[in-house]
Amino acid sequence: MRTNSRDTTDLDRLDHLRALDAEAVRDSLTLIRRVTPGDLTRPTPCSAWTLADLLAHMTAQHCGFAAAALGQGEDLTHWAPPPPTEDPIAAYGEAAERVVAAFATVAAPDRPFTLPELTIARPIPATRAIAFHLVDYVAHTWDVARSLGVPYVPGPDLVRAALPIALAVPDGDARLSPGSPFAPGLSATAGASELDRMLTALGRSPDWRPDTAC
């Protein structure tokens, strides 16, 4: 069976984004495995969220996206923050492995994902949905690193892929809603790096430090 060039290109893009997404998830795991119980009350760049709140959000998003990849995204229970656990780090690791495995089952770039936190009006094609997950985890891995006060330098391919997605995220009143992971966008400085441009587009100050949090 012959596959036309457009189909091949779309599949290549899906495979490329899926590989980058897995890289972002692995980066997050590397950092989160350094978290101690005493770190969970640390502030984060995500407004009023502590590190425990951010970790719960990241865990829930993995579970929700994994469910969406398997055709179960309309069930809101998959998107709910997990109940308190004695080992949130292990729970995060299990969710991370689950989403990577679920994304690996996606064979078609236009496979429909239901993402109720974005829209219930229509499903979102797999390639776009995985791209959303990718930018979320580049940003949130940076959040975790800043909360812990340790460096995080994502690979250049990750940043290059995440930047246009971040710039396309709607920047409106919805970002002021309680629980929104993205604050209203900020202006990037002249000559800002691609990473800093991505961060400011998602409402983060590249200069944020735990000791400057309110």
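How large, in percent, is the carbon and sulfur part of the accessible surface of the chain at a probe radius of 1.4 Å?
Numbers: 6190 of 11150 Å².
Carbon plus sulfur share of accessible area: 56 percent.
Pick out which of Pro156, Pro125, Pro88 has the largest mean-square fluctuation in a Gaussian network model of the chain, springs linking Cα atoms closer than 10 Å.
So, out of Pro156, Pro125, Pro88, the one fluctuating most is Pro156.
Report, in degrees rounded to the nearest 10, the 0 to 90 angle that the Cα long axis of helix 5-32 makes with the longest principal axis of the chain.
Helix 5-32 sits roughly 30 degrees off the main axis of the chain.
Could you please report the charge total around Ser180, scoring K, R as +1 and D, E as -1 over all other residues with beta-carbon less than 14 angstrom from its beta-carbon?
On the way: positive: Arg175, Arg204; negative: Asp53, Glu117, Asp136, Asp143, Asp171, Asp173.
The answer is -4.
Which one, Ala90, Ala166, Ala145, has the greatest fluctuation when you compute a Gaussian network model over the chain with C-alpha springs under 10 angstrom?
Highest fluctuation among the options: Ala90.
For helix 51-69, report the angle its Cα long axis makes with the longest principal axis of the Cα atoms of the chain; keep it between 0 and 90° and round to the nearest 10°.
Between the helix axis and the principal axis of the chain, the angle is about 10 degrees.
Taking Cα atoms, how many degrees apart are the long axis of helix 156-168 and the longest axis of the chain, rounded to 10 and kept between 0 and 90?
90 degrees
Add -39500 (n - 2.57) for each DSSP H run of 4 or more in the chain, then divide by its residues: what number comes out at 222 nm, to the nearest 500 deg cm²/dmol? It would help to have the intermediate numbers written out before the result.
On the way: 6 runs with 108 residues, N = 214.
It lands at -17000 deg cm²/dmol.
With a sphere of radius 12 Å drawn around the Cβ of Ser205, what net charge do the other residues whose Cβ falls strictly inside it have (Lys, Arg +1; Asp, Glu -1)?
Details: positive: Arg146, Arg204, Arg209; negative: Asp143, Asp196, Asp207.
Spelling it out: positives minus negatives among the neighbours equals 0.
The values are calculated or read from the model by the stated rules, or taken from the named source; none is laboratory data. Worth saying up front: this structure is predicted, and the values here are computed from it rather than measured. Don't worry about glycine lacking a Cβ; one is built from the backbone with ideal geometry, like all the others, and counts go over all protein chains shown. The accessibility values were calculated without ligands, DNA or RNA, using every heavy atom of the protein model including side chains. Shrake-Rupley method; radii C 1.70, N 1.55, O 1.52, S 1.80 Å.
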